[in-house]
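What follows is a single structure, written as structure tokens, with notes after it.
The values are calculated or read from the model by the stated rules, or taken from the named source; none is laboratory data. None of the values given here were measured: they were computed from a predicted structure. Note that each Cβ is placed from the backbone with ideal geometry, even for glycine, and that neighbours are counted across all protein chains shown. For accessibility, only protein heavy atoms count, side chains too; no ligands or nucleic acids. Shrake-Rupley method; radii C 1.70, N 1.55, O 1.52, S 1.80 Å.
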Amino acid sequence: MLSLTPPLPRPVLHRLLPKFFLLALAAFFFAHPLFAAATKVHTVTLGAFRRVPYTQPDATPDTKADETSTLKIRPLFVDERQKEWTTGEIHDVTDRTFTVRRALRLNDALPTDAAPHWIWQPGPWLSVDRVTGHITSLHLPDFDAAVSDVVWFRDYAAYCGTATTAKGGLFAIVAQLGARRPVVLKQIGAWPQSNHFIPVCQPAQWQRLPMRVTLKPTGGEPTIYDVVGTASLVEEGDNADDN
């Protein structure tokens, strides 16, 4: 059979072969699932702080002062899309994972109110992966948003928590990310209390070697706890992409 297309001159063919080879190689790599997943890079950023009205949970009509009580919040972006509002500083757990506290905008309107009444409150803690952009809500044991002032060290969180059982109780707690049970769980007082200090506990104080933490109820005696744990249990998925 005769070809109707004349063959390309040899110099032209030599110039085109490298281009065809590079195009075929690029098409192969970009089509490969491992390479395609690795090339998707997420960008996690935090915006500027701004102040919003905030009322302490234990405020009364006599002590409430929305004009002077404020909460510093800032947005959390993944790939330039806002995902959450946050409050406070971040804590770097690893070089790719950090924790930050979520800020919640709640509707405080009563059933008899004619319109919504939006208020800001500090919420639970979040874990954020800078590589995958994945955001996880942390369920810290007996965490009470109105009581617990979490102080982080490595992948450990130290704070005072309140039990939700019938007996109640105020507890000193050290939780490790990824662990099922707290590393430290010790009752240090009764809860609820009709007249309690604000804040309920002082911020925890960490010591590196040996690893120890001091927790102290406001107006009470400090207690030192030895923290014995293993390597970090933080799970950092390389190919997770939930956003």
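Can you tell me the convex hull volume per residue for segment 83-190, based on C-alpha atoms, in Å³ to the nearest whole number? The partial results should precede the final answer.
Values: hull volume 13.8 nm³, N = 108.
Convex hull of Cα atoms, per residue: 128 Å³.
Which cross-chain or sequence-distant (5 or more) residues have an amide H under 5 Å from the amide H of Cys201, H modelled 1.01 Å from N in plane?
Hits under the 5 Å cutoff: Thr218.
Sum up the charges of everything whose Cβ sits under 10 Å from the Cβ of Gly123, counting Lys and Arg as +1 and Asp and Glu as -1, but leave Gly123 out.
Values: positive: Arg101, Arg102, Arg105; negative: Glu84.
Neighbourhood net charge equals +2.
Dividing the alpha-carbon Rg of segment 102-152 by 2.2 N^0.38 Å yields what?
Details: Rg = 14.9 Å, N = 51, 2.2 N^0.38 = 9.8 Å.
Ratio of Rg to 2.2 N^0.38 Å for segment 102-152: 1.52.
For Ser137, what accessible area in Å² do you get when you roll a 1.4 Å probe over the heavy atoms of the protein chains, rounding to the nearest 10?
Approximately 50 Å² of Ser137 is accessible to the 1.4 Å probe.
Using a cut-off of 11 Å between beta-carbons, work out the net charge of the residues near Thr162 (Lys and Arg +1, Asp and Glu -1, Thr162 not included). It would help to have the intermediate numbers written out before the result.
Details: positive: none; negative: Asp142, Asp144.
So the environment of Thr162 carries a net charge of -2.
Going by accessible area, probe 1.4 Å, with all protein chains left in place, what is the ranking of Trp118, Trp125, largest first? Numbers along the way, then the final one.
Working: Trp118 125, Trp125 25 Å².
Result, largest first: Trp118, Trp125.
Taking the mean number of other Cβ atoms within 10 Å as a proxy for protection, how do you rank 200-206, 180-186, 217-223 from highest to lowest? Please list the in-between numbers first.
Working: 200-206: 19.1, 180-186: 14.3, 217-223: 12.7.
Highest-to-lowest ranking by the protection proxy: 200-206, 180-186, 217-223.
So if each residue of separation counts as 0.36 nm, and I subtract the Cα-Cα distance between Arg181 and Thr165, what length gain in nm does that give? Working shown, then result.
On the way: separation 16, 0.36 × 16 = 5.76 nm, distance 1.68 nm.
Between Arg181 and Thr165, full extension yields an extra 4.1 nm.
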